[in-house]
Amino acid sequence: MKEKEILTLQEVADYLQLSDKTVLKMVKSGEIPCAKIANQWRFSKVMLDDWLTAKMEVIPQNDFSRLVEKEYDFIKISRLIDEDSIITNLKSSTAQEVITELAENAYKNELVNNKDEFIKKLLEREQLTSTSIGQGVALPHLRKPSGTFVTEPKIIIGRSAKGIDFASLDGKKTTVFLLLLSDSEVVHLKILSKLSQILSKEENMKKLKSAESPADFIKFFIIAEQEL
């Protein structure tokens with residue numbers, strides 16, 4: 001029997017051997033990746049496993065690691081976004097083209113040092129299951145963030161006016177793509193956690209999708225973080 005790709009809150013609680021109240025608390029605090037579909041919380045099994053593996057592997061090995069962890073407790077998402085890294089009119093029409101277009105922007109801005117291998121890893125990640133979280137938004141990322149490909153933490157944003165079939169949890173087309181770039185598991189978890197807090201609010205999802213210019217996107221994240 002094929003393993004379920006989408007889990008309910010209770011199924012996640014059973015899987016993690018936690019109470020449903022504890023999982024719900026983690027959802028509300030943005031600690032765990034999820035999406036709200038038809039007013040119900042749903043979880044991608046593969047993304048959940050990525051998150052769990054990263055949690056188990058993030059063990060600081062030295063003072064520098066602890067320094068990085070402390071530093072990123074307070075990082076602003078808006079500081080990870082530059083106008084040069086925002087594509088307001090994606091030319092892509094397929095999932096593979098989107099990944100390539102976003103990765104090429106990262107390479108052009110010297111945020112990635114091996115474009116072809118980076119694209120390959122991103123596509124392999126999407127083949128496991130889509131990184132779309134529903135409601136028109138996707139968070140493409142490497143399954144195991146590493147400084148091997150990424151030079152510094154950043155977020156590349158892409159917007160498609162028509163929307164693209166990205167195998168979304170809710171079956172709808174995806175219009176906004178946030179490519180997460182991080183050079184360590186610690187940093188990746190902290191960025192993902194902050195984004196989860198912001199995007200768990202339906203009103204924020206609507207505002208994000210209504211952004212059209214680079215300035216709109218940066219302003220959205222500045223305000224959204226202030227309201228957390």
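The table for this structure:
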item	result
Check on S193, surrounded by 15 or more Cβ atoms within 10 Å (Cβ to Cβ) and either of a type outside the set (S, T, Y) or on the phi < 0 side of the Ramachandran plot (or both)	yes
E152 vs. criteria among the acidic types (D, E), farther than 24 Å from E212 by Cβ and under 13 Å from the mean Cα position of the chain (by Cα)	no
Close pairs (6 angstrom Cβ cut-off, 6 or more residues apart or separate chains): buried (at least 16 other Cβ atoms within 10 Å of the Cβ) in segment 211-228, among the aromatic types (F, W, Y) anywhere	A211/F217; A211/F220
Enumeration of residues in segment 105-154 that are over 21 Å from F166 (Cβ atoms), of a type in the set (A, V, I, L, M, F, W, C) and touching a Phe, Trp or Tyr at 6+ places or on another chain (Cβ under 9 Å)	F149, V150
Residue in segment 123-143 that is farther than 19 Å from T53 by Cβ, touching an Asp or Glu at 6+ places or on another chain (Cβ under 6 Å) and not in a loop (DSSP other than H, G, I, E, B) present	yes
Breaking point among (1) surrounded by 18 or more Cβ atoms within 10 Å (Cβ to Cβ); (2) farther than 22 Å from E227 by Cα, for Q127	(1)
The lone exception for G171 - which of (1) exposed (fewer than 15 other Cβ atoms within 10 Å of the Cβ); (2) assigned to a helix (DSSP H, G or I) it fails	(2)
Residue identified as surrounded by 14 or more Cβ atoms within 10 Å (Cβ to Cβ), without any contact (Cβ under 8 Å) to a residue 60 or more places away in the chain and closer than 20 Å to L90 by Cα among L111, L142, L122	L122
Filtered residues of segment 75-111 (kept if farther than 18 Å from K173 by Cα and either basic (K, R) or not in a helix (DSSP H, G or I) (or both))	I75, K76, R79, I81, D82, I86, K108, N109, E110, L111
Filter result (in a loop (DSSP other than H, G, I, E, B), free of Cβ contacts under 8 Å to residues at least 24 places away in the same chain and surrounded by 13 or more Cβ atoms within 10 Å (Cβ to Cβ)) within segment 1-48	L18
Boolean, F166 is part of a loop (DSSP other than H, G, I, E, B), closer than 25 Å to F220 by Cα and of a type in the set (F, W, Y)	yes
Top-ranked residue of segment 178-210 - restricted to ones that are touching a Pro at 6+ places or on another chain (Cβ under 8 Å) and without any contact (Cβ under 8 Å) to a residue 60 or more places away in the chain, ranked as farthest from T151 (Cα to Cα)	L178
Only listed residue being modelled with pLDDT under 95, more than 27 Å from A38 (Cβ to Cβ) and of a type outside the set (S, T, N, Q), chosen from E202, E227, E185	E185
All positions within segment 143-169 that are modelled with pLDDT of 85 or more and either of a type in the set (D, E) or closer than 20 Å to A35 by Cβ (or both)	E152, I155, I157, G158, R159, S160, G163, I164, D165, F166, A167, S168
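The values are calculated or read from the model by the stated rules, or taken from the named source; none is laboratory data. Worth saying up front: this structure is predicted, and the values here are computed from it rather than measured. Methodologically, a virtual Cβ is constructed for each residue, glycine included, from the backbone with ideal geometry; neighbour enumeration extends over all protein chains shown.
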